[in-house]
């Protein structure tokens, strides 16, 4: 890993991330892992590593998403409050998608899908969950702050890695 500064071309990073995400439309591999999906799209499409929150709610607060409530520009991270149970814990885990422009967002729900950013509130939540409520969005330039270059292994399955990391971070510990 190198700590060299990133190129200033945020628009290229956004296009790369959107292309990576769109190739996964219909996949169920990221169900309950919306933040991992969006981060993987940005990181793996641009050979870098981000350092945000542990869940979408924490990331929304970190990036001050509530300060931006208009139509999100392409590449922005679009955040929602989403209360539900995950790995035995009920709380606001949040939800996040990647803005495509023109009011659309790609996100991992029951599958990777594209919806209008305001339309997510109408989605049927999983059992034990509430419908997501729009919070706001964070510009990609803000999300990229502090990121570093990283080459991801070609034989690594991003969704499998995300699943393992989710369990490691949030599963209740016995003992």
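The values are calculated or read from the model by the stated rules, or taken from the named source; none is laboratory data. Note that the coordinates shown come from a computational prediction; the quantities given were computed from them, not determined experimentally. Cβ: placed from backbone, ideal geometry, glycine included. Neighbour counts: every protein chain shown.
Within the stretch 76-85, does at least one residue satisfy the condition of being more than 16 Å from residue 141 (Cα to Cα) and touching a residue at least 60 places away in the same chain (Cβ under 8 Å)?
No, the stretch 76-85 contains no residue that is more than 16 Å from residue 141 (Cα to Cα) and touching a residue at least 60 places away in the same chain (Cβ under 8 Å).
Checking residue 143 against (1) surrounded by 18 or more Cβ atoms within 10 Å (Cβ to Cβ); (2) in a strand (DSSP E or B), which single condition isn't satisfied?
(2)
Quick check, is residue 136 within 17 Å of residue 25 (Cβ to Cβ) and assigned to a strand (DSSP E or B)?
Spelling it out, it is not the case that residue 136 is within 17 Å of residue 25 (Cβ to Cβ) and assigned to a strand (DSSP E or B).
Taking strands (runs of 3 or more DSSP E) that do not extend beyond the stretch 44-108, which have at least 2 residues that are at pLDDT 95 or above, in contact with a strand residue (DSSP E or B) (Cβ under 7 Å, 6 or more places away or on another chain) and crowded, with 23+ Cβ neighbours inside 10 Å?
In the stretch 44-108, the matching strands (runs of 3 or more DSSP E) lie at 77-81, 95-101, 104-108.
Can residue 26 be described as without any contact (Cβ under 8 Å) to a residue 24 or more places away in the chain and part of a loop (DSSP other than H, G, I, E, B)?
Here the answer is no, as residue 26 does not meet what is asked.
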